[in-house]
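Student: Quick one: this structure, given as structure tokens, is what I'll be asking you about.
What follows is calculated from the coordinates using simple rules that are stated; it is not laboratory data. Being a predicted model, the structure only gives us computed values, none of them experimental. So basically every Cβ, Gly included, is an ideal-geometry build from the backbone, and we count neighbours across all protein chains shown.
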Amino acid sequence: MIEESQMLKILVLGATSAIAHETMRHFAQDGARFYLVGRSVPKLGSVAHDLQTHGAKQTETYLADLNDLSQHEALLQRAITALEGVDAVFIAHGTLSDQTRAQTDVDYLASELMTNFTSTASLLTHTANYMEAQKRGVIAVISSVAGDRGRASNYVYGSAMAAKTAFVSGLRNRLAKAGVQVITIKPGLIDTPMTAHLKRGRLMAHPSLVGEHIYRAMKRGEGVVYTPSFWRYIMLIIRALPEAIFKRMSLSA
Ligand SMILES: NC(=O)c1ccc[n+]([C@@H]2O[C@H](COP(=O)([O-])OP(=O)(O)OC[C@H]3O[C@@H](n4cnc5c(N)ncnc54)[C@H](OP(=O)(O)O)[C@@H]3O)[C@@H](O)[C@H]2O)c1
């Protein structure tokens, strides 16, 4: 269980994400202070306003394209200054890659891997060193069930998520010695702007459900969180399928 005081100053990267927003509403109710980073002024303003109405004590916003790695170190320093320290970092930015385009357009492929993996690895490198030095804190990163096994329909996005999951796992192992909690969040299919173009089905969950689950899991200090939790069992089966059967399947979600 993570102490209440360990998560009252939160740096949120990709703060305009629907999942991040829903999760942060719960921390706002605890009276948290936020440093919200995103790439759209109106969206950041609206998230900040909403978190204030939910009880946030402070909401600072900062505009950044997180693919610009040169900004990351300064960005963390700004958050530390504005909040007088950072207890928790939540990393949520990402894009659902267009698999078909990425199969022929290598510049697009590289930019998707930047958004969905490299930028997070850079942010985590700065954050980890800060948390390790202060010997406490929480780092939570949204990865995806898509990283559990590469599929024909989305292996570009999936491979970035697999890399993210492995990076965060290693970091958890490293930072445990410093008393820092590192949490991997693996959502299944969630109804957010990212998936707006996908067909709605029974497996699609509402972000408010997921936000509440992530909040509780962060407070409990869980290492790996599948959300909704039934995805743990779906992915257990998908990972266990023999390659010969898996090759013949067309899993689109
Ligand atoms: N929805 C799902 O089914 C699902 C499933 C598994 C994992 N995830 C992961 O969950 C995370 C949150 O996604 P979501 O579902 O909440 O979708 P979302 O509402 O579309 O959020 C994605 C966020 O990432 C931001 N972003 C993208 N590229 C960025 C960049 N270069 N710099 C700064 N911000 C950037 C977007 O900003 P703009 O609004 O300005 O574009 C948006 O706020 C992502 O990492 C996603 O991969 C989602």
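Student: For the stretch 122-137, indicate whether the set of residues that are in contact with a helix residue (DSSP H, G or I) (Cβ under 9 Å, 6 or more places away or on another chain), under 18 Å from Met235 (Cβ atoms) and in a strand (DSSP E or B) is non-empty. Spell out how you get there, then give the answer.
Tutor: Start the filter on the stretch 122-137 by keeping residues that are in contact with a helix residue (DSSP H, G or I) (Cβ under 9 Å, 6 or more places away or on another chain), which leaves 122-128, 130-137.
Among the residues that remain, those that are also under 18 Å from Met235 (Cβ atoms) are: none.
No, there is no match, as no residue in the stretch 122-137 is in contact with a helix residue (DSSP H, G or I) (Cβ under 9 Å, 6 or more places away or on another chain), under 18 Å from Met235 (Cβ atoms) and in a strand (DSSP E or B).
Student: Are any residues in the stretch 67-76 of a type outside the set (A, V, I, L, M, F, W, C), without any contact (Cβ under 8 Å) to a residue 24 or more places away in the chain and either away from the ligand (no atom under 15 Å from the Cβ) or exposed (fewer than 14 other Cβ atoms within 10 Å of the Cβ) (or both), and if so, which ones?
Tutor: Asp68, Ser70
Student: Here are Ala79, Ala64, Ala88: which of them is in contact (Cβ under 8 Å) with a residue 12 or more places away in the chain, over 22 Å from Gly137 (Cα atoms), surrounded by 15 or more Cβ atoms within 10 Å (Cβ to Cβ) and not charged (D, E, K, R)? Can you show your working first?
Tutor: Values: Ala79 fails: over 22 Å from Gly137 (Cα atoms); Ala88 fails: over 22 Å from Gly137 (Cα atoms).
Sole residue among the options that is in contact (Cβ under 8 Å) with a residue 12 or more places away in the chain, over 22 Å from Gly137 (Cα atoms), surrounded by 15 or more Cβ atoms within 10 Å (Cβ to Cβ) and not charged (D, E, K, R): Ala64.
Student: Is it fair to say Thr165 is surrounded by 17 or more Cβ atoms within 10 Å (Cβ to Cβ), without any contact (Cβ under 8 Å) to a residue 24 or more places away in the chain and polar (S, T, N, Q)? Reasoning before the result, please.
Tutor: Working: surrounded by 17 or more Cβ atoms within 10 Å (Cβ to Cβ): yes; without any contact (Cβ under 8 Å) to a residue 24 or more places away in the chain: yes; polar (S, T, N, Q): yes.
When the stated conditions are applied, Thr165 passes them.
Student: Taking Phe90, is it aromatic (Phe, Trp, Tyr), over 22 Å from Leu203 (Cβ atoms) and within 11 Å of the ligand (Cβ to nearest atom)?
Tutor: Values: aromatic (Phe, Trp, Tyr): yes; over 22 Å from Leu203 (Cβ atoms): yes; within 11 Å of the ligand (Cβ to nearest atom): yes.
Criteria met by Phe90.
Student: Quick check on this structure: which one of Gly94, Gly14, Gly45, Gly85 is within 23 Å of Ala217 (Cα to Cα) and more than 15 Å from the chain's Cα centre (by Cα)?
Tutor: From the options Gly94, Gly14, Gly45, Gly85, the qualifying one is Gly85.
Student: When residues of the stretch 93-140 are filtered for being buried (at least 17 other Cβ atoms within 10 Å of the Cβ), within 15 Å of the ligand (Cβ to nearest atom) and hydrophobic (A, V, I, L, M, F, W, C), how many remain?
Tutor: Residues meeting the conditions: 9.
Student: Out of all the residues in the stretch 45-52, is one or more exposed (fewer than 15 other Cβ atoms within 10 Å of the Cβ) and at positive phi? Outline the logic, then answer.
Tutor: Pass one, the stretch 45-52, residues exposed (fewer than 15 other Cβ atoms within 10 Å of the Cβ): 46, 49, 52.
Those left that are additionally at positive phi: none.
No, the stretch 45-52 contains no residue that is exposed (fewer than 15 other Cβ atoms within 10 Å of the Cβ) and at positive phi.
Student: Quick check, is Ala64 of a type in the set (A, V, I, L, M, F, W, C) and more than 22 Å from Ile183 (Cα to Cα)? Walk me through how you get there before you give the answer.
Tutor: On the way: of a type in the set (A, V, I, L, M, F, W, C): yes; more than 22 Å from Ile183 (Cα to Cα): yes.
In short, yes.
Student: Still on this structure, please answer the following. Does Ala18 meet the test of being in contact (Cβ under 8 Å) with a residue 40 or more places away in the chain, more than 25 Å from Glu132 (Cα to Cα) and among the small types (Gly, Ala, Ser)?
Tutor: Values: in contact (Cβ under 8 Å) with a residue 40 or more places away in the chain: yes; more than 25 Å from Glu132 (Cα to Cα): yes; among the small types (Gly, Ala, Ser): yes.
Here the answer is yes, as Ala18 does meet what is asked.
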